[in-house]
Amino acid sequence: MDLTIHFGPAVRRHRDLLRLSQEELAARAGIDRTYISGVERGVRNPTLEVMQRIATALGSDLDVLFATARELGNRIDN
């Protein structure tokens, strides 16, 4: 399974659960809103540092985001 294509949707799922806008998440992470949009759409390939900043901004651990990405990938594969 390629987690890179499921990471963005995992970010969006967590952001939606917190009822945060992309702008609010971007401000918390210190990242531009358009970059968050690109990550969620899968057109940006964030570095590990940026992924960690996003996870922290979501109040989560990076491994939780990866677990969500795996879950989403498994749903698509099945």
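The values are calculated or read from the model by the stated rules, or taken from the named source; none is laboratory data. As the structure is a prediction and not an experimental result, all values here were calculated from the model. So basically every Cβ, Gly included, is an ideal-geometry build from the backbone, and we count neighbours across all protein chains shown. All accessible areas refer to the heavy atoms of the entire protein, side chains included, with ligands and DNA or RNA removed. Shrake-Rupley method; radii C 1.70, N 1.55, O 1.52, S 1.80 Å.
Largest to smallest in accessible area, the residues Met1, Met51 fall in the order Met1, Met51 (1.4 Å probe, all protein chains included). Computed over the alpha carbons of segment 1-40, Rg followed by Dmax gives 10.1, 31 Å.
Can you tell which of Glu49, Glu23, Glu40 shows the greatest fluctuation in a Gaussian network model of the chain with Cα springs below 10 Å? The residue that fluctuates most here is Glu49. When the trypsin sites (Lys or Arg not before Pro) in the chain are filtered for DSSP coil states and for at most 10 other beta-carbon atoms within 10 Å of their beta-carbon, the remaining sites are Arg19. Note on Thr4 and Asp32: the model spin-label points, each 7 Å out from Cα along the C-beta direction, lie 2.1 nm apart.
Sequence-ordered 3J(HN,Hα) estimates for segment 18-27 from the Karplus curve with 6.51, -1.76 and 1.60 and θ = phi - 60° stand at 8, 6, 9, 7, 4, 5, 5, 4, 4, 5 Hz, glycine and proline given as x. If you wrap the tightest convex hull around every Cα atom of the chain and split its volume per residue, you get 76 Å³. Net length available on complete extension from Arg44 to Arg19 is 6.8 nm, with 0.36 nm assigned per residue and the Cα-Cα distance removed.
Summing Cβ point charges (Lys, Arg +1; Asp, Glu -1) relative to the Cα centre of segment 21-78 gives a dipole of roughly 120 debye. Axis angle, to the nearest 10 degrees, between helix 4-17 and the longest C-alpha principal axis of the chain: 60 degrees.
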